[in-house]
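Asks: Mind looking over this structure? Questions follow.
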Amino acid sequence: MIAENMKEMVAGSSAIRAMFEEGDRLAKQYGPENVFDFSLGNPNVPAPPEVKDAIIEMVDDEDPVVLHGYTTSNSGYEDVRETVAESLNSRFGTAFTGDNIIMTVGAAGGLNVILKSLINPGDEVIVFAPYFGEYRSYVSNYGGKLVEISPNTEDFQPKLDEFEQKITPKTKAVLINTPNNPTGVVYSEETLRQMMKIMEEKEKEYGTDIYLLSDEPYRELVYDGTEVPWLTGMYDNTIVCYSYSKSLSLPGERIGYLVIPDEVADSADVLSAANVATRILGFVNAPTLQQKVVEKCIDARTDISYYDRNRETIYEGLIEDGFTCVKPKGAFYLFIKSPVEDEKAFVAAAKKYNILLVAGSSFGCPGYVRLAYCVSYDTIVNSLPKFKELASEYFE
C-alpha cells in the first residue's frame, strides 16, 4: 500500500504529462505530422553549439574520475559557482561570490531544496494563480500549506489587494514565476515593488521573515525588448531559483542554481541548510558534467527567434479565428480563454482535431487553456486550419 500522502498526488498526477503521453499515442495512430501537440514545455530549439563543443572537450581532456565523481561540496564545484556569481555580478551589478550559489538539479530541484530548508509543517506559501501546478506538491512535500491568490484575468499581473489580505503570521514564503508559466506574462517592476513593500510592512507587523522565492527558468526568453527585473536588490529576503533548461535547451540534463544573497535573513544558516538538503533529498550534488558545461557556456544562449516567430504566427492566427488571450512577453506559452465555461470540455473538443492543450485548472485558473508553442514552425502553420475548424464550433 502506498503512502497516504501519495494517494492524492497520484490521483492528481500531472495533466500536462498525461496529455504529452496522449500525444505520443495519437502520433503513432495518425502520424506525427497530423498531431498538434502543444501540451509540454519541452524546448524544440537545439542547444547552442558551444554546449556540444564543451562536452567533447571535457570528455576528451578531463580526468574521467574527477569529471564524473562527487563534488567536494554538495553545493557544487567551487569554480563553477564562482563563474555563475561573476556572470550575475556583471549583468545585474550585484556582489555575489561562489558562496552565495548552490548548483541544483534544475529549478525544480532548487525549489525543493529551498522549501526543505525553510518550511515547517503548517507554514504558508503564497502563489499567484495561474501558477505552475507542481508547486502544490513541492509545498506539501514539507507539510506546508499553499495559499492561492485568485487570477487577475485582465492582464495576469498579481492581485496585490488580495495578496495583502492573505498574508498571515504563518506566511513563510511567497513564490513567484516571471516570465510566467502558463501565461507568458512578465511581472512589471512597479507591481513587484508594490508587492515587496507589502511584504516588508507585513514582516514588521508580525515580526517574521517572509522569503520571496523567484522561480526563473524563463528569464532569458523574452520578446519585444522586454526586461525582467532582477529582484535581489529590491527585497532583502529574495532567493532566486534558476534553470538552464530553457536558456541552453537542456531540460533533460537537470542543471540550475540557487542564489542565496548575504542580505537574506539568517543567510549563513539558510545556505548551510540548503547544502545539507541537497544531500538528504538524494541529489547529493548537481550533475557534474553539466556543471562544467555551464561554466564553459555561461554566456551562451539558445536562439529565441524561433520561439518568437512561433509566438507571432500562432497568436495572430488564433486572434483572427476569434480566440482571446493576452499576448505573451516571455516564455513560450499562450494562455487562451476557453470559449465555454468548462475548459476541459474545450480541451476535449480540440482533441477531435488532434490538437492537444492543457486545461487551466491545472494551473489554478479554470476557464483557460495553455498552449506551449515550443514546437516546430511546421506544426504551428499546419495547426492553424485545424484551429479554424475548432473555432467554427464556437464563433459565428
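The values are calculated or read from the model by the stated rules, or taken from the named source; none is laboratory data. All values derive from a computational prediction rather than experimental measurement. Note: ideal-geometry Cβ built from the backbone for every residue, glycine included; neighbour counts use all protein chains shown. To get the accessible areas, we keep the full protein, side chains included, count just its heavy atoms, and leave off ligands, DNA and RNA. Shrake-Rupley method; radii C 1.70, N 1.55, O 1.52, S 1.80 Å.
Asks: Starting from the amide H of residue 147, placed 1.01 Å from N in the peptide plane, find each other amide H under 5 Å away whose residue is 5 or more places distant or on another chain.
Replies: Correct list: 125, 126, 127.
Asks: Take the alpha carbon atoms of the range 291-360, find their radius of gyration, then divide it by 2.2 N^0.38 Å using N residues; give the quotient. Before the final figure, lay out each step's value.
Replies: Working: Rg = 16.5 Å, N = 70, 2.2 N^0.38 = 11.1 Å.
My calculation over the Cα atoms of the range 291-360 gives 1.49.
Asks: A 23 angstrom limit on the alpha carbon distance is what I want to check against. Which of 246/296; 197/337; 116/246; 116/344; 159/329 exceed it?
Replies: Details: 246/296 17 Å; 197/337 32 Å; 116/246 25 Å; 116/344 34 Å; 159/329 19 Å.
Beyond 23 Å: 197/337; 116/246; 116/344.
Asks: Moving on. Based on the Kirkwood radius over alpha-carbon pairs, what value in µm²/s does the Stokes-Einstein equation return for the translational diffusion coefficient of the range 45-184 at 20 °C and 1.002 mPa s? Don't skip to the answer; put the middle values down first.
Replies: On the way: Rh = 18.2 Å.
Approximately 118 µm²/s, per Stokes-Einstein.
Asks: Let me ask another. Please report Rg (one decimal) and Dmax (integer) in Å for the Cα set of the range 163-229.
Replies: Cα radius of gyration and Dmax of the range 163-229 are 13.4, 41 Å respectively.
Asks: I've got another one for you. For the range 259-396, what does the accessible surface come to per residue with a 1.4 Å probe? Please give it in Å².
Replies: Details: 5650 Å² over 138 residues.
The answer is 41 Å² per residue.
Asks: Calculate, for the range 1-133, the solvent-accessible area per residue in square angstrom, rolling a 1.4 angstrom probe over the heavy atoms of the protein chains. Write out the running numbers ahead of the final one.
Replies: On the way: 6900 Å² over 133 residues.
Ligands and nucleic acids excluded, the result is 52 Å² per residue.
Asks: What percent antiparallel are the DSSP beta bridges of the range 267-396, to the nearest 5? Let's see the in-between values first.
Replies: Numbers: 9 of 9 bridges.
Bridges in the range 267-396 are about 100 percent antiparallel.
Asks: I've got another one for you. Would you give the gap between the C-alpha center of the range 25-60 and the C-alpha center of the range 175-243, rounded to a whole Å?
Replies: One Cα centre to the other: 30 Å.
Asks: Over all directions, average the projected area of the Cα convex hull of the chain and note it in nm².
Replies: 20.4 nm²
Asks: I would also like to ask the following. Give me the dipole magnitude in Debye, nearest 20, for the range 94-160 about the Cα centre, with unit charges on the beta carbon: positive for Lys and Arg, negative for Asp and Glu.
Replies: Values: 4 positive and 7 negative charges, 37 e Å.
So the dipole magnitude of the range 94-160 works out to roughly 180 debye.
Asks: Mean 1/r over all different Cα pairs, inverted: what Kirkwood radius does the range 246-379 give, in Å?
Replies: Value: 18.3 Å, from the Cα pair sum.
Asks: For the charge dipole of the chain, defined by +1 on Lys and Arg C-beta atoms and -1 on Asp and Glu C-beta atoms about the Cα centroid, which residue among 177, 152, 392 has the Cα displaced farthest towards the positive pole?
Replies: Farthest along the dipole direction, towards plus: 392.
Asks: With Rg and the Kirkwood Rh both taken from Cα atoms, where does Rg over Rh land for the range 332-389? Please report the intermediate quantities before stating the final value.
Replies: On the way: Rg = 11.2 Å, Rh = 11.6 Å.
Using Cα coordinates only, the ratio equals 0.96.
Asks: For the range 208-284, what does the alpha-carbon gyration tensor say about shape, rounded, prolate or oblate, given a ≥ b ≥ c as the root eigenvalues, a/c under 1.5 as rounded, and a/b over b/c as prolate? Spell out each step's value before the answer.
Replies: Numbers: a/c = 3.36, a/b = 1.20, b/c = 2.81.
Oblate.
Asks: Also, quick follow-up: On a 0 to 90° scale, report how tilted helix 78-92 is relative to the longest principal axis of the chain, with both axes built from alpha carbons and the result rounded to the nearest 10.
Replies: 60 degrees
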